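The values are calculated or read from the model by the stated rules, or taken from the named source; none is laboratory data. Predicted model only: the values in this text are computed from it and were never measured. Here the Cβ is made from the backbone with ideal geometry for all residues, glycine too, and neighbour counts use every protein chain on show. Accessible surface is based on the protein model in full, side chains and every heavy atom, while ligands, DNA and RNA are left aside. Shrake-Rupley method; radii C 1.70, N 1.55, O 1.52, S 1.80 Å.
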Amino acid sequence: MAAAEVGDEQRREDPTVLELEDRAARFLGQEDAVYLPTATMANQIALAILGVRGTELIVEETAHIMVAELAGAAMHSGLQTRGLPGYRGRLAPEQVRVTARTSDGLHIPSASIVALENTHNSAGGTVWPPEELATVVDTARELDLAVHLDGARVANAAIALGVPAAEIAGRFDTVTLCLSKGLGCPLGAVIAGSRALMARARVEKHRFGGAMRQAGIVAAAGVYALDHNVERLADDHARARRLAQGWEARGVAVELELVETNFVQVDVAGLGLSSADAIARLADAGVGLSATVKPGVLRAVTHLDIDDDDVERALELVPRALEALARA
């Protein structure tokens, strides 16, 4: 990063940013990509260029776009969001078909866009089976709806499935990839799609305040990550599985069947604890877990800063802390 060749990113004169955009586009099976500060901005730009103001966005009800982006779809793009109940974060084709209503021209809004998330954060890092994903995308196409993939962790999905990320992401109109999660960069994300859509995305990037100057300093981390930090996601997945199995064996209530990538969900509600209380006391024991959209369910996430020794330590500390909590 310190040695990155840089230029004026706003004028597309930063060679490191250009390299990252080119490589990210190929990684995601798209024609072009735009480098951005955050994946939330990337999602919101996707909605702005794909959605039609005054229509509906169809999305799973606990998706990141729905629960963690401050109603950005309505604020920025004039979209009414229709959140549908999903199974492990997944929607069924018939749900999309029924929800994509035809407007009567006066009262009923039509839908213009479907947004899917893979892996799905709130569901516990779960992965869409490829055939299910293809069927939902095909249904959206049949209904003349745009399709966006919130692929913040699509690299995790690709590693879990043993397929190239492009095989998942290439079927969408737009896709986002977060560089600061499993790929380990200090910041940054990309949105990818056709050249025509990415030309529009660059306009929205500037409008959203995401244009930068010598951004190659941080884009260099993204180039490095695509070379070194994709295949190693398998290590994170293995460590999450080790955590889940070890905690379950020690009596911790985990949702083992949901551990498909690098998330482990821990249920503390059965101990009579709120998420906030459990997080605070676990922190006192030296372990950092975070809240989820489900009250009383915490999340442990493995990543490149967590090694085998950390996992073994957490296997000891968490059951001990929760036993103390149960007695308190």
So, with points 7 Å from each Cα along the Cβ direction, the Arg97-Ala249 label distance in nm works out to 4.6 nm
Here the residues of the stretch 207-245 lying in the modelled label zone of Asp22, meaning backbone nitrogen under 14 Å from a point 7 Å along Cα-to-Cβ, are 223
Interchain or sequence-distant (5+) residues whose placed amide H lies within less than 5 Å of the amide H of Glu13 are Asp8
With +1 on the Cβ of every Lys and Arg and -1 on the Cβ of every Asp and Glu, the dipole magnitude of the chain about its Cα centre, in debye rounded to the nearest 20, is 660 debye
Share of accessible surface on carbon and sulfur in the stretch 173-328, whole %, 1.4 Å probe and ligands ignored, is 50 percent
Asp138 neighbourhood, Cβ < 14 Å, K/R = +1, D/E = -1, net charge -3
Order by accessible surface, 1.4 Å probe, largest leading, for residues Met1, Met66, Met212 comes to Met1, Met66, Met212
Judged on accessible area alone, 1.4 Å probe, highest first, Met75, Met41 line up as Met75, Met41
Carbon and sulfur atoms account, in whole percent of the 1.4 Å probe accessible area of the stretch 1-47, for 46 percent
Probe 1.4 Å, heavy atoms of protein chains only: per residue, the accessible area of the chain in Å² is 43 Å²
Note: Glu316 to Ala280 extended length (0.36 nm per residue) minus current alpha-carbon separation gives 11.2 nm
From DSSP H assignment alone, runs of 4+ in the chain each adding -39500 (n - 2.57), the sum over residues rounded to the nearest 500 puts [θ] at 222 nm at -13000 deg cm²/dmol
Amide H neighbours of Glu61 at under 5 Å, excluding residues fewer than 5 places away on the same chain, with H built from the backbone geometry, are Leu84, Gly86
Amide H contacts under 5 Å for Gly125, restricted to residues at least 5 apart in sequence or on another chain and with H modeled in the peptide plane, are His120
With every protein chain in place, the accessible area of Leu271 for a 1.4 Å probe, in Å² rounded to the nearest 10, comes to 70 Å²
